[in-house]
1. Would you check if there is a residue in region 46-64 being outside any strand (DSSP E or B), modelled with pLDDT under 85, within 12 Å of the ligand (Cβ to nearest atom) and within 29 Å of Phe107 (Cβ to Cβ)?
2. How do the helices (runs of 4 or more DSSP H) wholly within region 154-257 filter down when requiring 2 or more residues that are more than 19 Å from the chain's Cα centre (by Cα) and modelled with pLDDT of 95 or more: which remain?
3. If you go through region 15-45 one residue at a time, how many are in a helix (DSSP H, G or I), touching a strand residue (DSSP E or B) at 6+ places or on another chain (Cβ under 6 Å) and within 15 Å of the ligand (Cβ to nearest atom)?
4. Quick one: count up the residues across region 216-232 that are more than 30 Å from Arg30 (Cα to Cα) and open to solvent by less than 50 Å² (accessible area, probe 1.4 Å).
5. Failed condition for Gln124, given (1) away from the ligand (no atom under 16 Å from the Cβ); (2) surrounded by 15 or more Cβ atoms within 10 Å (Cβ to Cβ); (3) farther than 24 Å from Ser38 by Cα; (4) at pLDDT 90 or above, with all others met?
Amino acid sequence: MREDGTRRITWYPITGGYLQHVEGALDTVRGAYLHNGSWSTNKHDLAALPKPNIDFKETAYGLWQRGDKSHADMSEAPIYTYFIMPAGFLRLGADAGGGDTQKIQSFYLPVDDGHCARFEVTFQTGGSGGGPGGGRPPHDGELKYPKASDDFGRNYDGVDSISGIPPTPRGYFRAQDTMATETQGFPVVDRTTEHLGAHDFILTAMRMMILMGISDVRNGLDPKHVIRDPQENGIVCIRGEDPLEFFRAEREALGVG
Ligand SMILES: [Fe+2]
């Protein structure tokens with residue numbers, strides 16, 4: 001709805017049930033592990049950090065989540081992410097270009113049990129180059145980074161990352177995410193053999209929300225976040241109960257009060 005800033009829209013197909021990709025997105029702690037480089041030394045720094053703190057709240061649209069950014073990219077400010085029913089994910093960040101907001105929103109559109117399409121819209125105030133990630137090559141309809149047929153670019157002998165996929169160029173983030181979510185299982189990950197950890201409660205909360213939505217539909221009701229009245233559409237509700245919390249936290253982390 002905003003007319004300032006820059007935005008960028010891309011999409012590409014992914015293998016595997018849509019929900020395992022949504023789960024991969026919601027698991028923000030992965031950042032420090034899956035996307036980290038210099039793993040042989042950084043893993044010791046990570047091990048010395050306190051366990052990550054993750055808060056979450058149920059909202060009218062899904063879930064609000066705040067996690068320690070130290071476990072996302074080892075910096076200070078918290079990370080704010082959102083699960084948007086039924087298959088959306090949004091990450092809110094500080095705008096490197098000097099504006100107030102950077103948003104990266106993905107939607108995982110189910111195609112069939114074993115395939116989905118990931119649509120991504122990024123936005124930032126000010127800046128140029130098509131929004132966050134504008135420097136990356138586009139991938140409209142095709143994942144151009146190493147994919148399953150290229151073993152996702154894995155090279156355990158030559159690359160010092162937990163996945164064996166190089167942490168740079170930045171586009172290889174895609175290959176890391178795709179590897180982690182596609183290789184869980186086809187067509188759908190077998191969740192009867194999974195071992196959820198204490199910090200996986202965000203996934204449990206999201207699954208319960210979807211199960212309740214299924215139950216609602218069976219009972220003739222709308223699931224959460226179905227908007228039928230155009231007057232109610234356009235309500236921007238992405239920052240939890242306190243719309244300024246994100247900015248206060250960013251300023252505190254930067255020491256500017
Ligand atoms: Fe990722």
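1. No, every residue in region 46-64 fails to be outside any strand (DSSP E or B), modelled with pLDDT under 85, within 12 Å of the ligand (Cβ to nearest atom) and within 29 Å of Phe107 (Cβ to Cβ).
2. 201-218
3. Residues flagged as in a helix (DSSP H, G or I), touching a strand residue (DSSP E or B) at 6+ places or on another chain (Cβ under 6 Å) and within 15 Å of the ligand (Cβ to nearest atom) within region 15-45 amount to 4.
4. Residues in region 216-232 being more than 30 Å from Arg30 (Cα to Cα) and open to solvent by less than 50 Å² (accessible area, probe 1.4 Å): 1 in total.
5. Among (1) away from the ligand (no atom under 16 Å from the Cβ); (2) surrounded by 15 or more Cβ atoms within 10 Å (Cβ to Cβ); (3) farther than 24 Å from Ser38 by Cα; (4) at pLDDT 90 or above, the lone unmet condition for Gln124 is (4).
The values are calculated or read from the model by the stated rules, or taken from the named source; none is laboratory data. This structure is a prediction, so every number in the text was calculated from the model and none was measured. Because the Cβ atoms are built from the backbone with ideal geometry, glycine has one as well, and the counts that use them run over all protein chains shown. Accessible surface is based on the protein model in full, side chains and every heavy atom, while ligands, DNA and RNA are left aside. Shrake-Rupley method; radii C 1.70, N 1.55, O 1.52, S 1.80 Å.
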